């Protein structure tokens, strides 16, 4: 069985080739185009992974897409319907892009006529994390901006099965909140979050923490985020509104402006808030699964400072080498334990084999 996995059209587009139970090759599109976090259809990455074993698109038995376009469309259409006037032009733009980004149409134009299998976005994250680990039983926590509807999932992996236990849906999203404050601090969202994490140790979290915490309403296992401060449901440019500025009592920073102590304090408060909510999710994952092992997936798994807190509840923690959407090109193809290379096993090593090009 030869499978081609693809992720595209949000960020970190990638392709992966799996033959049997082994990942033969994988690559991000940005490696070929030089565009950071390239979101375009990964035609260069596909060409590369096929060339590694002298295959063509006609040799592929199945193509696995990392998310469900139908469910994603349901979320976007439902969201736009809430504010039809505010989203009129955004809706028109989306409908236009929807036609040009149809996986079936694109793949057929490349000559592929076989089956395309669509997976839930967070399943692809979870599968990549769990099936590349060495665990036979593990809690799995995935956190990102948004997939189709889900922004956070807690699952249990046992043998070759993954069972989802809890999910949190859009617009309640830790990833979106982190990206929003990233933009508020003058950095590019979905790219500059690491800069915010780097600023955090230089700030005093107590200055803004209580204000950010007031945005949340926590239940026993989940959280909701008050949307009156954000524009996630009707804007793709500015992620916050004046209410957030009023709450924080701090003007948004423009990219060219100096970084002040106030900005460092806000970064510190955001990181502390993320860690606070992340710890709650970790405890829930431990309580539900009873496992001593944890697999982390989704873009938020790049938050190394928060990840260290997982040892408060778990003895062993595994994070795959590309937990964001790039790795989902591999995860979408997986339904059992696989081998990636002699160098990439349960304990990640930076000695990368040449055909894994992330």
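The values are calculated or read from the model by the stated rules, or taken from the named source; none is laboratory data. Model, not experiment: these values are computed from the prediction. Because the Cβ atoms are built from the backbone with ideal geometry, glycine has one as well, and the counts that use them run over all protein chains shown.
Here 68, 77 are screened, and the one residue that is closer than 18 Å to residue 329 by Cα, surrounded by 12 or more Cβ atoms within 10 Å (Cβ to Cβ) and in contact with a helix residue (DSSP H, G or I) (Cβ under 9 Å, 6 or more places away or on another chain) is 68.
Residue 48: in contact with a helix residue (DSSP H, G or I) (Cβ under 9 Å, 6 or more places away or on another chain) and assigned to a helix (DSSP H, G or I), yes or no?
Numbers: in contact with a helix residue (DSSP H, G or I) (Cβ under 9 Å, 6 or more places away or on another chain): yes; assigned to a helix (DSSP H, G or I): yes.
Judged against the criteria, residue 48 is a match.
If the condition is being touching a residue at least 40 places away in the same chain (Cβ under 8 Å) and either assigned by TED's automatic domain parsing to the domain that holds residue 43 or surrounded by fewer than 18 Cβ atoms within 10 Å (Cβ to Cβ) (or both), then region 305-317 contributes 305, 316. Of all residues in region 1-17, those that are farther than 17 Å from residue 103 by Cβ and either part of a helix (DSSP H, G or I) or at pLDDT below 95 (or both) total 1.
Consider region 107-119 and keep the residues that are touching a strand residue (DSSP E or B) at 6+ places or on another chain (Cβ under 7 Å) and not in a helix (DSSP H, G or I). The one that is surrounded by the fewest Cβ atoms within 10 Å (Cβ to Cβ) is 115.
Scanning region 118-160 for residues that are free of Cβ contacts under 8 Å to residues at least 60 places away in the same chain and under 28 Å from residue 104 (Cα atoms) turns up 118, 120, 150, 151, 153.
In the set (1) modelled with pLDDT of 95 or more; (2) out of contact with any helix residue (DSSP H, G or I) (no Cβ under 9 Å at 6 or more places or on another chain); (3) more than 25 Å from residue 148 (Cα to Cα), residue 313 fails one condition alone, (2). Against the test of being touching a strand residue (DSSP E or B) at 6+ places or on another chain (Cβ under 8 Å), at pLDDT 95 or above and assigned to a helix (DSSP H, G or I), the options 281, 294, 270 yield a single qualifying residue, 281.
Quick one: which residue in 93, 104, 98, 55 is outside any helix (DSSP H, G or I) and either assigned by TED's automatic domain parsing to the domain that holds residue 15 or closer than 25 Å to residue 32 by Cα (or both)? Lay out the reasoning, then the answer.
Working: 93 fails: outside any helix (DSSP H, G or I); 104 fails: outside any helix (DSSP H, G or I); 98 fails: outside any helix (DSSP H, G or I).
The unique qualifying residue is 55.
Residues in region 131-157 that are touching a helix residue (DSSP H, G or I) at 6+ places or on another chain (Cβ under 9 Å) and within 13 Å of residue 289 (Cβ to Cβ): 137, 138, 139, 140, 141, 153, 154, 155, 156, 157.
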